[in-house]
Every structure is written in structure tokens, then in C-alpha cells.
1. For residues in segment 96-109 being in contact with a Leu (Cβ under 9 Å, 6 or more places away or on another chain) and assigned to a loop (DSSP other than H, G, I, E, B), which is modelled with the highest pLDDT?
2. Looking at Pro32, Pro37, which is the one that is assigned to a loop (DSSP other than H, G, I, E, B), under 16 Å from the mean Cα position of the chain (by Cα), modelled with pLDDT of 95 or more and of a type outside the set (Gly, Ala, Ser)?
3. In segment 84-116, which residues are under 21 Å from Leu34 (Cα atoms) and of a type outside the set (D, E, K, R)?
4. Among the residues of segment 56-70, how many are out of contact with any Asp or Glu (no Cβ under 6 Å at 6 or more places or on another chain), touching a residue at least 40 places away in the same chain (Cβ under 8 Å) and not in a helix (DSSP H, G or I)?
Amino acid sequence: MRACFFLSLRASNGIGTMRSSTKIWAFADDSPTLWRPSADIYRTRDGWLLKFDLAGVRPEDVMVTVRGRRVSVSGVRRDLMVEEGCSYYSMEISYNRFERLIEMPADLQNAKITMEARNGLLLVRMITEGNEYV
């Protein structure tokens, strides 16, 4: 969570009158807040299927990395204005970077990986056929 607070710095010339005033907005955590997409994990006949809820995320803005047992999905959801000249009244959808790290029960380093974007979901298939330990 990002906390924001306002600081007002005032300088005096020594005789009680104010010479200048500076306003500073400070953030307790200056890094952007990441959101974590929901995920479903399925065991299939030939490996694994991971489904990520990424509505509104363009496939070219997503990166999937597999290292050993860890599957990482990261990227960014951008705010695309629907109409010119409008301003927001309320915003509940996260438009920023996201990351989700999932620890799988088996090493998937040698798995064949395919990805498909369908109806707001990212489907990541990891085929482990022929590997009896996965």
C-alpha cells in the first residue's frame, strides 16, 4: 500500500515574516503498486494448465517465465480511454504493473510451454509428456 502525505516547509527571514513557502508531496513507498491477477491451476493428462484473469491486458504486454518450479507472469494493464474528452468519476480497475509468482509442485524447466489469450484469460499450458516425475 502506498501512503501519501503533505509537507509544508516555510522559511523565515528572522523577523517573523515569511520569506518563502515550499510544498512537497512525499510517498512512503515510491515504487509503483503491483496487482496480482487471480489464477486457477489444473493438472492435465499431459502436464499443467494455468489460467490467469487478465481482462483488458494486451497479450504483447505479458511476459511468462519458468525457472525450475516457479512460474512468473508479469506485465502491465494500460488505461485505454474509450472516449475523447471524458474525465473519470470513479476508478476501481488497476492500471499499472502486475506480477504473479506460482510455485508448482514439480520442476517445469524442460516443459513445452504454449500461451493463448481468450476472453480476458491468459491460458498457459505446460506440456510435460514423457517425464514421469512431473
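The values are calculated or read from the model by the stated rules, or taken from the named source; none is laboratory data. Bear in mind the structure is a predicted one, so any value in this text is a computation, not a measurement. Note that each Cβ is placed from the backbone with ideal geometry, even for glycine, and that neighbours are counted across all protein chains shown.
1. Met104
2. Result: Pro37 is the single residue among Pro32, Pro37 that is assigned to a loop (DSSP other than H, G, I, E, B), under 16 Å from the mean Cα position of the chain (by Cα), modelled with pLDDT of 95 or more and of a type outside the set (Gly, Ala, Ser).
3. If the condition is that a residue be under 21 Å from Leu34 (Cα atoms) and of a type outside the set (D, E, K, R), then Ser90, Met91, Ile93, Ser94, Tyr95, Asn96, Phe98, Leu101, Ile102 are the ones that fit.
4. Going through segment 56-70 one residue at a time, the tally reaches 6.
Conditions tested, residue by residue: (1) at pLDDT below 95; (2) in contact with an Asp or Glu (Cβ under 9 Å, 6 or more places away or on another chain); (3) part of a strand (DSSP E or B); (4) surrounded by 11 or more Cβ atoms within 10 Å (Cβ to Cβ).
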position	(1), (2), (3), (4)
Ser72	no, yes, yes, yes
Gly75	no, yes, yes, yes
Arg78	yes, yes, no, yes
Cys86	yes, no, no, no
Leu122	no, yes, yes, yes
Arg125	no, yes, yes, yes
Glu132	yes, no, no, no
